[in-house]
Amino acid sequence: MAALPEPISALISALAKLPGIGPRSAERMALHLVQTESAAVQQLAETILNARARVRLCETCGGLTENSPCPTCSDPRRDASLICVVERAVDIFSIEKAGTFHGKYHVLDGKLSPINGVEAEDLRIAQLEERLAREPIHEVIIALGTDVEGDATSYYLAKRLARDRVRITRIAHGLPASTGLEYADELTLSRALEGRREFT
Ligand SMILES: [Zn+2]
């Protein structure tokens with residue numbers, strides 16, 4: 001059997017590094033791309049480069065944005081006394097889709113995971129403390145997943161962020177177990193936010 005031409009193998013290995021793309025899908029995509037019209041492939045490559053060049057992280061909340069600070073951080077109509085802490089930048093879009101939250105956000109950029117070597121200093125917790133000192137925040141809503149690491153991170157945050165004038169709450173456990181926010185539908189997310197409770 002003839003081996004695959006080297007450029008195709010190289011493309012397969014590059015695609016297989018993307019999240020959620022297994023070796024079979026990578027192979028299918030690569031074989032499709034090398035047989036697609038050149039102009040269409042060029043356009044795809046340009047779209048990827050363009051998105052990468054224009055999207056950055058908001059220096060305040062850590063969300064994905066074209067301009068920093070992002071539109072959410074700079075919107076005066078949003079409630080600056082409420083801040084919702086999420087694991088990943090993409091979680092902001094899930095909550096925004098639900099449409100019931102009108103405060104601001106803070107992306108942790110992960111969760112505590114001793115097994116994977118993720119410690120508190122690896123997360124954007126110090127930045128959150130700076131915001132607590134600088135912004136008129138009265139409530140921190142912790143909206144992390146309900147897996148073991150999400151739980152541990154939530155409790156750690158509740159302790160570390162405790163301040164006199166700040167309420168620390170956690171979204172209700174209406175979220176699917178062991179998953180992140182992206183699997184929750186909009187109604188579930190809205191209810192989870194409304195049903196948030198103070199840490200005891
Ligand atoms: Zn922002």
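The values are calculated or read from the model by the stated rules, or taken from the named source; none is laboratory data. Because the structure is predicted, anything quoted here is derived from the model rather than measured. Glycine also receives a Cβ, built like all others from the backbone with ideal geometry; neighbour counts cover every protein chain displayed. SASA here: full protein model, heavy atoms, side chains in, ligands and nucleic acids out. Shrake-Rupley method; radii C 1.70, N 1.55, O 1.52, S 1.80 Å.
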The helices (runs of 4 or more DSSP H) lying entirely within region 1-74 that contain at least 3 residues which are modelled with pLDDT of 95 or more and touching a strand residue (DSSP E or B) at 6+ places or on another chain (Cβ under 8 Å) are 71-74
Selection from region 63-78 of residues over 18 Å from GLN127 (Cβ atoms), near the ligand (Cβ under 10 Å from one of its atoms) and within 17 Å of the chain's Cα centre (by Cα) yields PRO71
Answer yes or no as to whether ILE83 is of a type in the set (Val, Ile, Thr), touching a residue at least 60 places away in the same chain (Cβ under 8 Å) and within 16 Å of the ligand (Cβ to nearest atom).
no
The residue that is farthest from the ligand (Cβ to nearest atom), considering only those in region 90-108 that are closer than 26 Å to GLU119 by Cα and at pLDDT 95 or above, is LEU108
>> Here is a check on your reading of the model: is GLU139 open to solvent by less than 20 Å² (accessible area, probe 1.4 Å), modelled with pLDDT of 90 or more and among the charged types (D, E, K, R)?
In response: yes
Aliphatic (A, V, I, L, M), under 17 Å from the mean Cα position of the chain (by Cα) and assigned to a helix (DSSP H, G or I): does that describe VAL85? no
ALA126: passes all of (1) in a helix (DSSP H, G or I); (2) at pLDDT below 95; (3) among the aliphatic types (A, V, I, L, M) but (2)
